[in-house]
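What follows is a short report on a single structure.
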Amino acid sequence: MDSYLIAMVTLAAIYAMMAISLNLSWGLAGMVNLGLAGFISIGAYASGLLTTVLGWPVPLAILAAMIIGLVSGVALTYVTLRLRDDYLAIVTLGFAEVIRLAIVNELWLTHGSDGISGIPGIVAREYGYGFELGTLALALAAVALCYWLADRVRTSPYGRNLRAIRDDPEGTAVAGKNVTLIKVKTFGLSTAIAALAGAFYAHYTSFISPEIFQPLLTMYVFLALTMGGTGNNRGAMLGAFLLIFVLEASRFIAPSLPQFSAVQHAAIREMLVAVLFILTLLYRPQGISPETRHR
Amino acid sequence: METLNLTRRAALAGGGAALGVALFASRASAQTGPITIGCLVPLTGAGSIYGPGMRDAIAAVVKQVNGAGGVLGQQIQLVTEDDQTNPEAAVRAIRKLINVDKSVAVLGPWASSVAAAVAPLCWENQTLCAIVGSADSITRLPHQGFLIRTQPSISMQAARFGKLAIDLGGKSIYFLGPQTPFTQTYIDVVAKMAHDKGLTFNSQIYDGSKTSFRSEIDSMRQVAPDTVLLGGYVTDIAVVLRELYRANFTSRLIGFGTGVNTSLLQGMPKEAVEGVYAVTPSASLQGSAYQKLAALVGNPAPGPFEAQAYDMINLTVLAIAQAGKATGVAARDAIRTVSQGDGTVVDNAPDGLALIAKGQKVNYEGASGSCDFDQYGDIVAAKFKIERVLNGQITTVEIS
């Protein structure tokens, strides 16, 4: 039981990193990133390949994954700068699909849909329970670091610029702010954190394949952030933990509803997530922990 | 500051609820009575047309075995989780089956991506895992014997494809199919078979979402193959067959059951599909285990995955009985003792349990086939159904 709880908190922590990443780009700067899963997979594959093929030490590979995530994020915003918000959403969605197709087809590098297995853990897997606890501690530390970083951004004057860009990009530009540069930098930081989450996922589960990084993953993170509170980093973390809690706790409802079949239990679980989301949007559209208003 | 308070309250409530679930679940796992077997099948997502049937077949056997007194004097408790045909969700689900429910075995992972993702958790936690997912690479993982697969691997399916082409007298074989995760394996396997026999082999991979394949067909016709293997699904095969017919192409055509089936026939002119062959992994339709399964689930024609699920649970139960111990390691060590060898042939768990209780050896022959496994956990031999379109109807040529 305890190793199950440890595993779920570890996964929730990885989701929390994804939610913080999305909050930076979408929550604070208003840049819709529907390609989040693509950046997560870039991080996972970068770190997974560097450790399994080139034998890099795990910390170095994770760092490299973050840099690759950052570079790809910067490159993508750079080419889409002239696009309006809704176009950015479409381009990022397409970008994620391009990444997925590249992973499926570049067999020499990624083994296609067979995926990459045997990725070493951040803590050696041989330690068993120690591996679980150690990875949990490191994942929580990474979340804390991401939170600290993202909240520094949010509370700084730079963060005010971000909110200004989100609410009125033209006005911000007229006020003399370099909107382009701010957008590129923020998106890069956001995708670096997404890559970090992907790298953690790869080293934790030891196996990655293109099917893991489906658009559903992006949707889950949007769900977590919306429930937690868009624009609030604490809300992002809370939403991620709440999402995993709901997804997992709903499993334990099944034994108390023996009148339903296994298929119905599965459907009830999916409905529960949807109902919770609709209720949040109806009664608390700003999320559980909404964005605080600043000076 | 109001928002901060609320956050704290929410965090507290969340923490409390988590603790509640933890206590509830630990109480559930504290019961030492029954032997728990996990069922991890797709109940939602792309595989959800197969998962429920697999689950029902497993549940029917569990009920049958429990009715006959259980195994090792203990009842079997079946716990089902939905893998959502999604490897990320499946990893969380199998964690619950292994860590919370303490499953001795996990049966069912259907999609290759799901099976590959959950496999490491099975061998790390010493839990037996029986899968369907057919990508060759899965059973080559370092699984220490904890993995068995009841579905023929992609290589085995490709080999049957190639064998039919050669048996029908093909001298110049051509593979024409869309890009899928399995296409390259098909080509490699058939190419080697053709090469070994000194036959000509060529291949071409196309983009399955295209609406015309005229250029692909033109370049194929330059080689003038006498046998063409069609690797596609219904949508692209329909286009290919129309264009081949229009081009007056008369060579032998062989497809997979996923592409050449009744739904293809519905939208096609009769002449364009006449004579086309189809190869499909099949349950062991004539076997006694298949008849028993049909009677047990009350369905005269269970599908291949239901047959495999039936075999998975029967093998697991027999292995536990043979080992005399309900642990994943014991089940792993005993599984090949009950699946193959010179023991008495049995086709269901209660019969086998009775024999094992008398100290006799058993050899389970299943609904999906003979269920003999090699050192990788792959089945040694598989049954395939060969069909052909004759007078606009799909007709079974043979099952072997």
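Points to keep in mind about this one:
- Listed here are the helices (runs of 4 or more DSSP H) enclosed by the range A:6-119 that have at least 3 residues being away from chain B (no Cβ under 14 Å): A:36-52, A:58-80, A:85-105.
- Scan the range B:99-127 for residues that are more than 18 Å from A:Ala249 (Cβ to Cβ) and either in contact with a Lys or Arg (Cβ under 7 Å, 6 or more places away or on another chain) or not small (Gly, Ala, Ser) (or both) and the total you get is 16.
- Taking the range A:227-240 as the range and being surrounded by fewer than 24 Cβ atoms within 10 Å (Cβ to Cβ) and either free of Cβ contacts under 8 Å to residues at least 24 places away in the same chain or assigned to a helix (DSSP H, G or I) (or both) as the test, only A:Arg234 passes.
- For the range B:161-261, the helices (runs of 4 or more DSSP H) that sit wholly inside it and include 3 or more residues that are surrounded by 15 or more Cβ atoms within 10 Å (Cβ to Cβ), under 22 Å from the mean Cα position of the chain (by Cα) and not hydrophobic (A, V, I, L, M, F, W, C) are B:183-196.
- The requirement of being part of a helix (DSSP H, G or I) and either touching a residue at least 12 places away in the same chain (Cβ under 8 Å) or over 20 Å from the mean Cα position of the chain (by Cα) (or both) is satisfied by B:Asp333.
- Number of the exception - A:Lys177 against (1) open to solvent by less than 10 Å² (accessible area, probe 1.4 Å); (2) part of a loop (DSSP other than H, G, I, E, B): (1)
- Selected residue [open to solvent by 10 Å² or more (accessible area, probe 1.4 Å), under 21 Å from A:Ser209 (Cβ atoms) and within 11 Å of chain A (Cβ to nearest Cβ)] from B:Ala89, B:Ala111: B:Ala111
- Residue that is farthest from the other protein chains (Cβ to nearest Cβ), among those in the range A:241-274 that are open to solvent by 40 Å² or more (accessible area, probe 1.4 Å) and either assigned to a loop (DSSP other than H, G, I, E, B) or in contact with a strand residue (DSSP E or B) (Cβ under 6 Å, 6 or more places away or on another chain) (or both): A:Gln259
For (1) within 29 Å of B:Ile154 (Cα to Cα); (2) surrounded by 21 or more Cβ atoms within 10 Å (Cβ to Cβ); (3) more than 8 Å from every other protein chain (Cβ to nearest Cβ), each residue gets a yes or a no:
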residue: B:Ala57; (1), (2), (3): yes, yes, yes
residue: B:Gly73; (1), (2), (3): no, no, yes
residue: B:Val100; (1), (2), (3): no, yes, no
residue: B:Leu107; (1), (2), (3): yes, yes, yes
residue: B:Ala115; (1), (2), (3): yes, yes, yes
residue: B:Cys122; (1), (2), (3): yes, yes, yes
residue: B:Val132; (1), (2), (3): yes, yes, yes
residue: B:Ala135; (1), (2), (3): yes, yes, no
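- Boolean, B:Lys383 is of a type in the set (Lys, Arg), crowded, with 19+ Cβ neighbours inside 10 Å and either under 26 Å from B:Leu72 (Cβ atoms) or touching a residue at least 12 places away in the same chain (Cβ under 8 Å) (or both): yes
- Here A:Phe277 passes the criteria (1) in a helix (DSSP H, G or I); (2) farther than 18 Å from B:Asp83 by Cβ; (3) open to solvent by 60 Å² or more (accessible area, probe 1.4 Å) except the one numbered (3).
- Checking each residue in the range A:126-146 for being touching a residue at least 40 places away in the same chain (Cβ under 8 Å), open to solvent by less than 50 Å² (accessible area, probe 1.4 Å) and not β-branched (Val, Ile, Thr) picks out A:Glu132, A:Leu136, A:Ala139, A:Ala142, A:Cys146.
- Look at (1) closer than 30 Å to A:Asp168 by Cβ; (2) in contact with a Pro (Cβ under 7 Å, 6 or more places away or on another chain) and you find that A:Leu70 fails only one, number (2).
- Flag for B:Gly275 being open to solvent by 10 Å² or more (accessible area, probe 1.4 Å) and within 25 Å of B:Met156 (Cβ to Cβ): no
- Conditions (1) at pLDDT below 95; (2) within 25 Å of B:Ile154 (Cα to Cα): number failed by B:Tyr310: (1)
- Within the range B:362-377, the set of residues being acidic (Asp, Glu) and under 16 Å from the mean Cα position of the chain (by Cα) comprises just one member, B:Asp372.
- Filter pass, B:Tyr290 being assigned by TED's automatic domain parsing to the domain that holds B:Gly232 and among the hydroxyl-bearing types (Ser, Thr, Tyr): no
The values are calculated or read from the model by the stated rules, or taken from the named source; none is laboratory data. Treat the numbers as computed from the prediction; the structure is a model and nothing was measured. Neighbour counts are summed over all protein chains in view; Cβ atoms, including those assigned to glycine, are modelled from backbone coordinates with ideal geometry. Ligands, DNA and RNA are excluded from the accessible area calculation, which covers all protein heavy atoms including side chains. Shrake-Rupley method; radii C 1.70, N 1.55, O 1.52, S 1.80 Å.
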